[in-house]
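Rule-based calculations on the coordinates, nothing more; no lab input. It should be emphasised that the depicted structure is a prediction, and the values quoted were computed from it without experimental measurement. Here the Cβ is made from the backbone with ideal geometry for all residues, glycine too, and neighbour counts use every protein chain on show.
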Amino acid sequence: MKITSSCVQRVSKVGPLGLPEACHRTRLASLIVALGCGVVSVASESLEVTDDLEVSGFVRVIGGYLNSDDNSVDGYRDGISLHQQSLIAIQPTYHVTDQLSGTVQWLGHSGSGRESGIEWAYLTYDLDDQWQIKAGKLRMPFFYYSDSIDVGYSYPWISPPMQLYNNKLFPTFEGGNVSYSSSFGSYSLRLEGLYGYYNNDYVMIGGTRLDAEAHFDDMYGFNLNLGRGNYNLRLAYHTGFSQTSLGFLKPLKTALEQAGFSESAETLAATGPMSVYSVGLNYENFSGFMRGEWVRTVTELDFSPTQTSYYLMAGKYVGDWTLHLTFACAENTRTRPSDELQPFVEDPTINPGLAQLAAGYYYTYDRIPTGGLNSVTLGTRWDFRANMALKLDVSYLKETSPYSGFFISRDADAQQNADTQTGTLYQVGWEWVF
């Protein structure tokens, strides 16, 4: 769909969570100056289009600084960074007929954890005013803001709660969906069903990006959006069958199989069903809003924890400004290693070679994120133009139990042995849609 200020929800951004220390205040001021330089360098004129071709897009310039001992969170460390989430996107849509159109979105990303390229490409066919069919490379709608996750202008935060949105397994799929929209009385309804597959070189598990030969087949699901007055309810369920090979597990899995420990090797297999359940609720009027979202990711894989995440949010509109406060939480279940190698751990003299293999197996399980993370974000947003906004976020992050997978230590051996980690993430952002 065309991205304009009229079709994007009005949202808020972050403000200070309390006065930072003097040195952090200086770093934050430097970050705001750097962001301002980036804003000036970007053109603000809209692209021209023909009768059949419309071109929309968006730009994000995001800066951040993390105050945390020897850790990184979402790519941010104890130095000002402008590249983790800054991006630009161009989205042309060509109308072949009044009913048939084609859309492509190219996204240029500056972060090291994401490649630039075609983010989605699909055909849309409108059967009538109520029924619509899409086919191609589409966004995987796990969450409330899945369709607009890269369009920072469309939501309150600079970064949506990482406990949910960093645990998306995969962002897109190839296939199709069918949607039905209608209204009856004071209610509005939109129902969407999808079917497809995903093949790529990574997955997200427990908030951590893992290199993999990722294959998810027979994927299907639905989204139901029901609105009445100022309220909106979203229910969603998506499932698929994983046939994924995680690169870092392959040597260990092969060694276990060759040593005859098939039960332990099987616990490292990434084959089986995976499901995502989600519920979202939104209330909004002219003076403010309240929002909440709950997501549960369930797998039958022994090494993959079941994760339950949610956030609660309240916001207030004050003229062109928006203030908001968000609490977010994520909890992981414990993983289930086999105990057939335990005797070699308890008495390494039985077989020193197998004792070393056993140590590697249980060490791998110890490194899987099974802890929890809470966060509080206070933010503000200034809509200084119809299609532009400035934002400021301050987020306090605290692990409820180690290791959550969100804090990445510079010392790889320390991140599992350390106590629960804490940190404060400062972010500023400029959002532009056209």
Out of 144, 158, 251 - ranked by how far each Cα lies towards the positive end of the dipole of the chain, with unit charges on the beta-carbon of charged residues - the top one is 158
Segment residue 51-residue 237, length gained on full extension (0.36 nm per residue, minus Cα span) = 63.1 nm
For 325, 268, what ranking results if the residue with the fewest other Cβ atoms within 10 Å of its Cβ goes first?
-> 325, 268
Given the options 250, 316, 391, state which has the largest fluctuation in a GNM of the chain using a 10 Å cut-off (strictly under) for Cα springs.
-> 250
Provide 428, 345 in ascending order of the number of other Cβ atoms located within 10 Å of each residue's Cβ, fewest first.
-> 345, 428
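Of all chymotrypsin sites (Phe, Trp or Tyr not before Pro) in the stretch 245-295, which ones are in loop regions per DSSP and have a Cβ with at most 10 other Cβ atoms within 10 Å?
Of the chymotrypsin sites (Phe, Trp or Tyr not before Pro), the ones in loops of the stretch 245-295 whose Cβ has at most 10 other Cβ atoms within 10 Å are 286.
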Could you tell me how many degrees, from 0 to 90 and to the nearest 10, lie between the Cα long axis of helix 22-40 and the main elongation axis, the longest principal axis, of the Cα atoms of the chain?
-> 50
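Need one number for the stretch 227-347: average projected area of the convex hull over its C-alpha atoms, nm².
Seen from a random direction, the Cα hull of the stretch 227-347 projects 11.0 nm² on average.
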Nearest 20 debye, what's the magnitude of the dipole of the chain about its Cα centre given +1 on Lys and Arg Cβ and -1 on Asp and Glu Cβ?
-> 1300
With Cα springs under 10 Å, the Gaussian network model of the chain assigns the largest mean-square fluctuation among 275, 86, 188 to 188
Against the longest principal axis of the chain, how steep is helix 352-366, in degrees 0 to 90 to the nearest 10, with axes from Cα atoms?
-> 20
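So for the chain, what percent of the C-alpha to C-alpha distances run longer than 38 Å?
The calculated P(r) of the chain puts 25 percent of pairs beyond 38 Å.
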Check cross-link reach from residue 250 to the aspartates and glutamates: straight Cα distance under 16 Å, and skip same-chain residues fewer than eight apart.
-> 201, 211, 213, 263, 266, 302
If we count every other residue with Cβ under 13 angstrom of residue 281's Cβ, Lys/Arg +1 and Asp/Glu -1, where does the sum land?
-> +1
Give the distance, in whole Å, between the Cα centre of the stretch 307-325 and the Cα centre of the stretch 84-142.
-> 28
Pick from 320, 78, 217: which residue has the top mean-square fluctuation in a GNM of the chain where Cα pairs under 10 Å get a spring?
-> 320
Take peptides 49-62, 297-310 and line them up by average Cβ neighbours within 10 Å, highest first, as a rough protection proxy.
-> 297-310, 49-62
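As a check on your grasp of the helix formula, calculate [θ] at 222 nm for the chain: sum -39500 (n - 2.57) over DSSP H runs of n ≥ 4, divide by the residue count, round to the nearest 500.
Mean residue ellipticity at 222 nm (helix-derived): -4000 deg cm²/dmol.
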